[in-house]
1. Between residue 267 and residue 98, what is the label-point separation in nm under the 7 Å Cα-to-beta-carbon projection?
2. Quick one: go through the range 359-390 and flag any residue whose amide nitrogen is under 18 Å from the point 7 Å out along the Cα-to-Cβ line of residue 342.
3. Tell me the relative contact order for the range 322-390 as a rounded percent, counting alpha carbon contacts under 8 Å between residues six or more apart.
4. For q = 0.20, 0.25 Å⁻¹, what log10 I(q)/I(0) does the range 345-429 give under the Debye formula with an equal point scatterer on each alpha carbon and no solvent?
5. Could you give the nm distance between label points at residue 174 and residue 218, where each point is 7 Å from its Cα heading toward the beta carbon?
6. Wrap a convex hull around the Cα atoms of the range 85-176, take a quarter of its surface area, and give that in square nanometres.
7. Please report the relative contact order for the range 72-212, taking Cα pairs under 8 Å with a sequence separation of at least 6, and give it as a percent rounded to a whole number.
8. Treating only the Cβ atoms of Lys and Arg (+1) and Asp and Glu (-1) as charged, compute the dipole magnitude of the range 320-471 about its Cα centre; round to the nearest 20 debye.
Amino acid sequence: MKSIYFKNFISTAAMVLLSFVMLGSAFIFIGRRYVINAHRDSMDANASEVVRTASALTRDGDLNSWTLRMTISSMSLSTGNHIFITDSGGIVVSCSDMDVASPYIGKRIDAGYIYQLETNGSLDALTDLGGFYPTTHYVVAMPITSAVTGAVIGFVFVSSDSTTIIGAWTSFIWVFFAVALAVMLLAMLMSLITTKRLAKPLDEMAAAARKFAHGDFSVRVTEDDETDELAALTVSFNNMADSLEKSEEMRNEFIANVSHELRTPMTTIAGFADGILDGTIPKENQEKYLAIIAGETRRLSRLVWRMLNLSKMKSIGADLSRRRDLNINELIIRTLLSFESRAEEKGLGVEIQLPEQHMTVVADPDAITQVLYNLLDNSVKFATPGSCLCISLCKEGGKAYVSIKNTGDTISEEDLPLIFDRFHKSDRSRSLDREGVGLGLYLVKTILDAHNEDISVTSRDGVTDFVFSLTLAK
């Protein structure tokens, strides 16, 4: 497969070449016309200068003076044009040739050209003057008038071989093509360097994407210090790679945790069921182990139900349309009443510290009820029998803060940062909590994150305190 770099370079080189071809074609056609016109304008100016000179030097009408001939010879040398003068009848009387016995002197110009000069007052044509020249020439001619009488006393002809003009143009073309070739090579070299620089991160992204397709999310694209769109794309790509890698890690962790949570009750169920079927467990103990099997089955059912219910609660917490003004004092008391019987069974005391004035927050009632229920359930479950639960509420800086505190075993420093992770259960809870599946606190954190709220936990000297915030209604 061709690399992005190679494709971009070929495309850029083709565009550069096409641009130079179009520019060269336009230059050839337009430039050639410009050079010819410029040369003919020069010839026209040359003829006008000869006319003025001849009128000034030949007041008596003599166009065959040596002074005039030397003058036009000098003009011919400086301009490269061939100059000759005829009398009013079209016979050449003076010529710019350095040879004294010029072959052109005495020749007659075709009467048609003389008539055109007399009629139009000038001549501008590509012609051989009716056989006067052996090849085609560019010819400009003008009448010479007497400075005394104002009558036409002769004509001046300025000519240039067409091959001379084209030869000069050809030389210029070669110079143009040499410069154009050098510029084109430089442009292609710069394009090669630029394309390579631009294509490098794209090639890296393509290679990284292919590795992503095979499950390797560790690859990153090299970032530079540029601030253009490509640099922004590189940063976004690496951020996407980070997100994919984290998602893959979470997926693997989720699968491992689910496998662990499913494997334990399934092993218990299969072991006791096989023991009952093969007679290993005596009949008088079968009822006891059937109760264990039933308990583990219910635990599996709760795990599946909570996993299915988890995404539902996450979406509910993020649904802004469900949020409304909520009396948090009443919600705390109402939720606490549902734990009255369980607290009495463990001999737990309950201390409620609520302000006399009710606080109103903006939140989804069902989602916050779930948060309170899960936190109270966790506190009652792990509280030391005979100890006290403390629920308090206060406000600060536009926020209401709910604290749920219980006395029991201290959570280790290693477990505290992981307590809100999915399926996380400390060794203490794994040994004592056979009913839990490790999703309660994760769900609490998820709902509060959806509300853009915070939750924290501290555990010191056997006292564990969960504190979460809610935004006060205005």
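Nothing in this text is a laboratory measurement; each read-out follows from the coordinates by a stated rule. Because the structure is predicted, anything quoted here is derived from the model rather than measured. Reconstructed Cβ throughout: ideal geometry from the backbone, glycine too, with neighbour counts over all protein chains shown.
1. So the two model labels end up 11.7 nm from each other.
2. The answer is 367-390.
3. Details: 70 pairs, mean separation 35.4, N = 69.
Answer for the range 322-390 is 51 percent.
4. For the requested q values the scattering log ratios are -1.12, -1.31.
5. A separation of 6.4 nm, rounded to one decimal place.
6. On the way: hull surface 30.4 nm².
Here the figure is 7.6 nm², rounded to one decimal.
7. On the way: 170 pairs, mean separation 25.3, N = 141.
Reported as a whole number, the value is 18 percent.
8. Numbers: 17 positive and 24 negative charges, 55 e Å.
Roughly 260 debye, rounded to the nearest 20.
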